[in-house]
Amino acid sequence: MTTESPRDNENFPKRRRAISISLIFALLLGCSPLVLGPLIGIWSYSPIPAVSQRATFLSTIILLGCLSPMFFQIITLSAAIGNQGHRMVILGNIACFLFLICSLLMFRTMRLGPFGERDIAITRIANSSLPLIHAIERFEIDHKGEPPSTLEELMPTYLDAIPSTGVARYNDYRYAVDSDPQSAPGPVSRWLLRVSTIEFGAWDSMYYLPDQNYAEAQSRHSLDSIPMSDGRNWVYFNE
């Protein structure tokens, strides 16, 4: 049983202030996922790079928010002496646990967006690729079925510039000729488009194969179909 000395009682107001300040900071930062999580989910998949970068900055604050309760709990432990101090530490432990639970609950919202922004962005990428796909197909017609070796060959005859994906977070199309199963989740294809959608440790990607022969890869990989407005599909490769 912890006992308090007169000296402990005299010094406790100062320690209590230190504990209170630490808990206030833990409250502000620890609850940041509840406030910032939805904003990150919305801004992450914006077509505007500055907005997407802002979401990345907020993700860093979220990380601090997840860690701050534990950091400030160390301060409360060092400042707590006597029964009153230990009660404050128990209260801080409970707050720390609740903050971490909030952070875990907000993880899905940050990743997918509060209104399914990520799914919308994936569909936007597929449809934004149509001018690029049409340009490659016109090149093939003009060159006896041979696709361009690089996307740069399409300029300026078929395209003025390589189009953006329409999502700043996954901004670039990647192109390969005569792909094989070692570089793509599917059968050998005369060319393919790929967009890397790496997210929180998941090495996922989107692929487009011109022959639409995704069924040959279905047994080996988890592929989700992403329809385009012209009836053809991309697929989403779940790592």
Pairs, first among the charged types (D, E, K, R) in segment 224-239, second in a loop (DSSP other than H, G, I, E, B), C-beta under 8 Å, six or more apart: Asp224/Asn238; Arg232/Gln212; Glu239/Trp203; Glu239/Asp204
Count of residues meeting criterion [within 16 Å of Arg174 (Cβ to Cβ), at pLDDT 80 or above, outside any strand (DSSP E or B) and not hydroxyl-bearing (Ser, Thr, Tyr)] in segment 190-239: 3
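The values are calculated or read from the model by the stated rules, or taken from the named source; none is laboratory data. Everything numeric in this text was worked out from a predicted model, so none of it was measured. Please note: Cβ atoms are built from the backbone with ideal geometry, for glycine as well, and neighbour counts cover all protein chains shown.
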